[in-house]
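No value in this document is a laboratory result; all are computed from the given coordinates. No experiment lies behind these values; they were computed from the predicted model shown. All Cβ positions, even for glycine, are placed from backbone atoms using ideal geometry, and neighbour counts span all protein chains on display.
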Amino acid sequence: MYLRTFFDEKLAQYSYMIGCQRTGEALVIDPARDVRPYLETAKKEGFHLAAAETHIHADFVSGARQLAEKHDVKLYLSDEGDQDWKYGYLDGLNVELVTDGSMIHVGNVELRVMHTPGHTPESISFVLTDRGGGSEVPMGIFTGDFVFVGDIGRPDLLEKAAGAVGTAETGAKSMFKSLQKFKELPEFVTVWPGHGAGSACGKSLGAVPQSTVGYELRNNWALKEEKEETFVKELLNEQPEAPTYFAVMKKVNKEGPNVLTGEELEKVESVDEVRALATNGQTTIVDTRSAQDFADGHIDGAINLPFNKAFTNWSGWVLNYERDLLLIAEDDQKEEIVKALHSIGIDRIKAYAGPELLSQWDDLEGYSFVTTEELKDVYDKDDVYVVDIRKENEWNAGHIPGANHHMLGYLEDQAKDIPEDKTVVVHCQSGTRSAIGTSLLQSLGFKDILNYSGGFAAWEKEGDKIEK
């Protein structure tokens, strides 16, 4: 048997390839939109590919349709759930719909489908048995967003991100029943989850890439809780904010994402061309440089999304899917930036320009940073408005006295509540998010603005007052 794990650190997302060397067959579970790694591995190993999904994903664009339409890959997809949870792009494709108890054979490797609703109604898991290796007992289970290391999938995404009222509690009750099935598996069975630490699909996912049923039975809070009522209350309590783009992802993956053509992104070499795009009212300038470089000078109206580990998630939160994008990006990062945006369905990327073009711009904007000592001198003044853009649980744990909570993902919608006649100081925990928030507010017209890049971590270390 062949097993390989693929990991997207920007989405904390795992996908897997299971293969049988004897027959030359392989199956990709929960493929990401960039399907090249799977195709390259299959070619190297001499495999003929198929693909399967644990559910209709809400946090990234699936590569299933890309594989099926461009590379003639057979798909195994869930037929559980009601009509609202059926795939809508399957006509003409090689697809086998599976339900609880269905068997998928990858050569001499057997995958038994287990319906495990809770995260979503159609969610399934795959229980693997290596028949070719002579085993009569399962080796592992691919759980998708059902069971993670140390946590389980959240059932509230539809209600919070898409406004499907009442689905959170219904999903939590379904999750409790699904976990009873999981508890019946042998303790030695390996757990291969769909996500790790950093994903918004659970409250406290572990960073370890895999676990066992026995370990989770003893250490995962959700598997230790025996009472359904208590379980439901705890599962729904203090779930993190649901990224607004999750509703878009669910729709895209249900109806079918665009099939990517692989065309090279055009590079704009002229200041006049960039200026025309920046002022046409239809294009967002996304500047992927560091916060310091952006602060030193940027195009009026640009949004700063530094290309780092947090880039993908916050792009989904703050960018408008209905607008065209022009990237400010280094040549050697452009391809990875485009791949990251495509992974969450941001496809309207029209062109990019290199940072060197900004040296020819004659009216760049900028902003300044403020230190902890400087902020301590003015944070309680009437003409200063401190904006804390951290998550709600961070804010509740402690914040700067007199600060105002406007979580980054909701900042644009709440900008109307921020006074325009005061100096606005933006901060997060350590500076990563404040760069995005400062640029976003500046693009909305707040020009008297400062970035407290040390963040609440520096305030705690050097400051003397904290509110809760």
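Structural remarks
- Pairs of Lys in the stretch 368-462 closer than 15 Å at Cα, counting only those 8 or more apart or on different chains: 4
- Computed over every Cα-Cα pair of the chain and binned at 10 Å starting from 0, the pair-distance distribution P(r) comes out as 4, 19, 27, 24, 17, 8, 2, 0 percent.
- Straight-distance candidates among the lysines for linking to residue 173, with alpha-carbon spacing under 18 Å and chain neighbours fewer than 8 residues away dropped: 160, 181, 183, 203, 224, 227, 233.
- Here the peptides 114-122, 263-271, 236-244, 314-322 are ranked by packing, the mean other Cβ count within 10 Å, and the order with the highest first is 114-122, 314-322, 236-244, 263-271.
- Dipole check for the stretch 271-360: with +1 at the C-beta of Lys and Arg, -1 at the C-beta of Asp and Glu, and the Cα centre as origin, the magnitude is about 340 Debye.
- Cβ-derived FRET efficiency at R0 22 Å, residue 184 paired with residue 224, nearest 0.05: 0.90
- Sites listed here are chymotrypsin sites (Phe, Trp or Tyr not before Pro) in the stretch 167-199 whose DSSP assignment is loop and whose Cβ has at most 13 other Cβ atoms within 10 Å: 188.
- Cβ charges +1 (Lys, Arg) and -1 (Asp, Glu), total dipole of the chain, debye: 1520
- Residues with amide H under 5 Å from that of residue 195, placed H, sequence gap 5 or more: 14
- Label separation (residue 396 vs residue 461): 2.7 nm, computed from points 7 Å beyond Cα along the C-beta direction.
- Local net charge near residue 391, Cβ-Cβ under 14 Å (Lys/Arg +1, Asp/Glu -1): -1
- Counted by Cβ distance under 10 Å from residue 367, the other residues give a net charge of -2, where Lys and Arg count +1 and Asp and Glu count -1.
- Highest to lowest packing among 357-363, 338-344, scored as the average C-beta count within 10 Å: 338-344, 357-363
- Partners of residue 43 within straight-line reach, counting lysines whose Cα lies under 25 Å from its Cα and excluding those fewer than 8 residues away in the same chain: 70, 74, 339.
- Rounded to the nearest 500, the 222 nm mean residue ellipticity of the chain from helices alone is -8000 deg cm²/dmol, with -39,500 (n - 2.57) taken per DSSP H run of at least 4 residues.
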